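Below is one structure, written out as structure tokens, with a few remarks after it.
Readers should treat all values here as calculations from the given coordinates under stated rules, not as data from a laboratory. These numbers were taken from a predicted model, which means no experiment stands behind them. No Cβ is skipped: glycine too gets one built from the backbone with ideal geometry, and neighbour counts run over all protein chains shown.
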């Protein structure tokens, strides 16, 4: 199990102002967090900073706190059902280790916090350049707590910053194959990009192109989440996939195609033939630092929308809208949009990327009923087939631009939603950056498992597709042919 922390950008600013002092002295405070439990990563989502009141802590070169402060924090943690995080600052830059006093203080707190809240103590240290280190204190036996260092601490909002535990996640090196890529933004930024764990939900026309783009940008750790199979009707839209792949899982086909390129050593491409709605697909997505939403259905979009806020995982989404003219002789219009959602950014619902009534419709199972679909209006999203390959290239390109802008932030700039109008060639960026005043999604920020537990359900179509994939596996097909011709 790996460990991690995510901090919303607005809370990071609050912590910076309090902990990094102009006089160079150390300071401290507490915060509350909610757990977010992936399959291989346990994350603390920082929910609320609790600053000391006058007289609750003493700054004297080092820093200490009174029992009144700790008791107040415990009461709030119990009231809100949260874990407790103890944060302090060091006067030097970079990733911070722990002094003997630091270790003793957190060892003293760990059993008290666990006994009070039932959740492990999280300790965090910031350098004077805002670099974070973090560790959980995990109970191993009565009165015995083991320190587990976090591999990453992420700060998410308009931008994205990530701090690595260098021993757990050292920066990889690249060969001549990536000379041009590294020269575009330098080895330091490439070291950040290459250590990210990126998930793609949906390996269709857009997702298969995004997969190739990420791999050739040097992203070594990619998760593919999609339960669907390659069909004949997909072949004009899937990147580098032909007839031999019909009946196989899209995730496996795309993985095999990428690994054949052998661009660098030890890439980790994992495939999960599940829906994001199912337990396994959902938990695997929580293991990622950034997610690409490449689905065209409202239910998974809703799930990813909630995930982005509740778990602090930026979700990069895109969509295409086209129409043929009334005579059916030419394209009438086409436009596609890409955007990033998460804490401090506008959500998919406010952007109009799905409708709540369509989510309910899909949850009911009616969108898999041919009789019901037949009676839907022609302009309903289920009746559209607009993802032609050329337009999918445009969407995938815009999604990759969102990704690189979020991580690289050249000149300290980053942007919000963008929409391309195919007819005029114009790019519209005049969209609100924040949700409407009555939107409920910003309230879900850092709620973690409190929201996650309501999102996971069974998905009959995904289960059916996995059964079909098992019947279509190359090994089974080989033995079927052998039996057919009496070879064995």
Checklist entry - For Rg and Dmax of the Cα atoms in Å, the choices are (i) 24.2, 68; (ii) 24.5, 87; (iii) 24.4, 77; which was calculated from the structure? => result (ii)
Checklist entry - Of the peptides 126-132, 317-323, 29-35, 99-105, how do they stack up when ordered by the mean number of other Cβ atoms within 10 Å, highest first? => result 29-35, 317-323, 126-132, 99-105
Checklist outcome for this item: Rounded to whole angstrom, the alpha-carbon centroid of the stretch 396-469 lies from that of the stretch 213-232 at a distance of 17
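Decide, for the stretch 204-354, between rounded, prolate and oblate: order the square roots of the alpha carbon gyration tensor eigenvalues as a ≥ b ≥ c, take rounded if a/c falls under 1.5, and otherwise choose prolate if a/b is larger than b/c, else oblate.
On the way: a/c = 1.73, a/b = 1.07, b/c = 1.61.
The shape class here is oblate.
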Item to check | Spin-label model distance (nm) - residue 64 vs residue 143, 7 Å beyond Cα toward Cβ | outcome: 2.4
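How high is the FRET efficiency between residue 411 and residue 390 when r is their beta carbon distance and R₀ equals 35 Å, given to the nearest 0.05? Intermediate results must be reported in sequence, preceding the final value.
On the way: r = 32 Å, r/R0 = 0.90.
The calculated FRET efficiency here is 0.65.
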Checklist entry - Among 293, 435, 74, 288, what is the fewest-to-most ranking by other Cβ atoms within 10 Å? => result 74, 435, 288, 293
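Taking 0.36 nm per residue of separation and subtracting the Cα-Cα distance, what length does fully extending residue 456 through residue 279 add? Don't skip to the end; give the middle numbers.
Details: separation 177, 0.36 × 177 = 63.72 nm, distance 0.57 nm.
Value of the extension gain: 63.2 nm.
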Checklist outcome for this item: Burial-style ranking of 446-457, 194-205, 147-158, 301-312, average other-beta-carbon count within 10 Å with highest first, yields 301-312, 194-205, 147-158, 446-457
Item to check | Radius of gyration, Dmax [the stretch 186-239; alpha carbons; angstrom] | outcome: 13.2, 43
Item to check | Pair residue 51, residue 79: separation of 7 Å Cα→Cβ label points (nm) | outcome: 1.8
Next on the checklist: Please compute the modelled spin-label separation between residue 324 and residue 21, points set 7 Å along Cα→Cβ, answer in nm with one decimal.
Outcome noted: 7.1
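State the extension gain, in nm to one decimal, for the chain segment bounded by residue 357 and residue 232, taking 0.36 nm per residue of separation less the distance between their alpha-carbons. Present the calculation step by step, with values, prior to reporting the outcome.
Numbers: separation 125, 0.36 × 125 = 45.00 nm, distance 3.09 nm.
Length gained, residue 357 through residue 232: 41.9 nm.
Under the rule of -39500 (n - 2.57) per DSSP H run of 4 or more residues, summed and divided by the residues of the chain, what mean residue ellipticity at 222 nm is obtained, to the nearest 500 deg cm²/dmol? Intermediate results must be reported in sequence, preceding the final value.
Values: 14 runs with 163 residues, N = 488.
Computed mean residue ellipticity for the chain: -10500 deg cm²/dmol.
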Next on the checklist: When only alpha-carbon atoms are used, what values of Rg and Dmax, in angstrom, describe the stretch 403-479?
Outcome noted: 21.8, 61
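Quote the relative contact order of the stretch 2-164 in percent (integer), defining contacts as alpha-carbon pairs under 8 Å separated by 6+ residues. Provide the component values of the computation, followed by the final result.
Working: 349 pairs, mean separation 42.0, N = 163.
It comes to 26 percent, rounded to a whole number.
Highest mean first, how do 394-400, 3-9 rank when packing is the count of other Cβ atoms within 10 Å averaged over residues? Spell out each step's value before the answer.
Numbers: 394-400: 21.9, 3-9: 24.0.
Going from most to least packed, we get 3-9, 394-400.
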Checklist outcome for this item: Checked the stretch 233-290 with the C-alpha gyration tensor, a ≥ b ≥ c its square-rooted eigenvalues, rounded below a/c of 1.5, otherwise prolate if a/b is larger than b/c and oblate if not; verdict oblate
Checklist entry - Taking Cα centroids, how far is the stretch 36-106 from the stretch 163-193 in Å? => result 32
Checklist outcome for this item: Taking R0 as 41 Å and r as the Cβ-Cβ distance between residue 372 and residue 424, the FRET efficiency 1/(1 + (r/R0)^6), rounded to the nearest 0.05, comes to 0.65
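I need 339, 434 ordered by Cβ neighbour count within 10 Å, fewest first.
Arranged by neighbour count, lowest to highest, 339, 434 become 434, 339.
Grab the Cα-Cα distance for residue 463 and residue 263, subtract it from 0.36 nm times how many residues apart they are, and report the gain in nm with one decimal. Before the final figure, lay out the partial values.
Values: separation 200, 0.36 × 200 = 72.00 nm, distance 3.38 nm.
Gain on stretching residue 463 to residue 263: 68.6 nm.
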Checklist outcome for this item: Final fewest-first order of 13, 146 on the 10 Å Cβ neighbour count is 146, 13
Checklist entry - Rounded if a/c is under 1.5, else prolate if a/b is larger than b/c, else oblate: which is the stretch 2-164, with a ≥ b ≥ c the root eigenvalues of its Cα gyration tensor? => result rounded
